1. If you fit an axis through the alpha-carbon atoms of helix 3-24 and take the longest principal axis of the Cα set of the chain, what angle between them do you get, 0 to 90°, nearest 10?
2. Using Cα atoms only, what is the angle between the long axis of helix 58-70 and the major principal axis of the chain, expressed in degrees (0 to 90) to the nearest 10?
3. Just need the relative contact order of the stretch 19-167 here, percent rounded to a whole number, with Cα pairs under 8 Å and 6+ apart.
4. Net charge near ALA106, counting Lys/Arg +1 and Asp/Glu -1 over other residues with Cβ under 13 Å of its Cβ?
5. Cα axis of helix 138-166 to longest principal axis of the chain: angle in degrees, 0 to 90, nearest 10?
6. Provide the per residue accessible area, probe 1.4 Å, for the chain, rounded to a whole number of square angstrom.
7. Counting only the heavy atoms of the protein chains, how much of ARG51 is accessible to a 1.4 Å probe, in Å² to the nearest 10?
8. Cα extents of the stretch 8-165 along the three principal axes, largest first, in whole Å?
Amino acid sequence: MSDTVFTHEHWMRHALILAQRAWDEGEVPVGAVLVHNNQVIGEGWNRPIGRHDPTAHAEIMALRQGGLVLQNYRLLDTTLYVTLEPCVMCAGAMVHSRIGRLVFGARDAKTGAIGSLMDVLGHPGMNHQVQVSEGVLASECSAMLSDFFRARRLEKKALKEKAHRSD
């Protein structure tokens, strides 16, 4: 296994730990880690529900923290690791922040903007090109999301049955 593969897997495991924090808070389990010179400079997990903020995606939280650490909105020579393919908003933020590379785990057929639904980063009109690596620990990332939504459906079903028995 190459150092790059090892490094990508290492940081994606870190992102999975952050995704678990989102799950624990009742949020969709997505985690993100921003790395510069092999050091974490930003991390985040989905928090839009708890923060009442539609922009509080894991990627945005990590980019904001990275900007504060570097004291610059341009996050040159950084790599963002995310458990799920980013949406349009997050992809746009990556272009504006000038990250060097995005590494993501699972694809998102419904809202993925890095090739699934559309390809924001690959659009030739973008003023900054982000290198992309995908599929790192994809099965683990995908399983966490599937398990979360399965558990959600079971909770809703149990609440419905309880309400029906109360009638």
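1. Result, in degrees: 40.
2. Its long axis makes an angle of about 40 degrees.
3. With pairs under 8 Å counted, the relative contact order is 17 percent.
4. -3
5. 20
6. Counting only protein heavy atoms, the per-residue value for the chain is 55 Å².
7. 120
8. 58, 30, 29
The values are calculated or read from the model by the stated rules, or taken from the named source; none is laboratory data. Note that the structure is a prediction, hence the values are computed from the model and not measured. Positions of Cβ are backbone-derived with ideal geometry, glycine not excepted, and every protein chain shown enters the neighbour counts. Areas reflect the complete protein model, heavy atoms only, side chains present, ligands, DNA and RNA absent. Shrake-Rupley method; radii C 1.70, N 1.55, O 1.52, S 1.80 Å.
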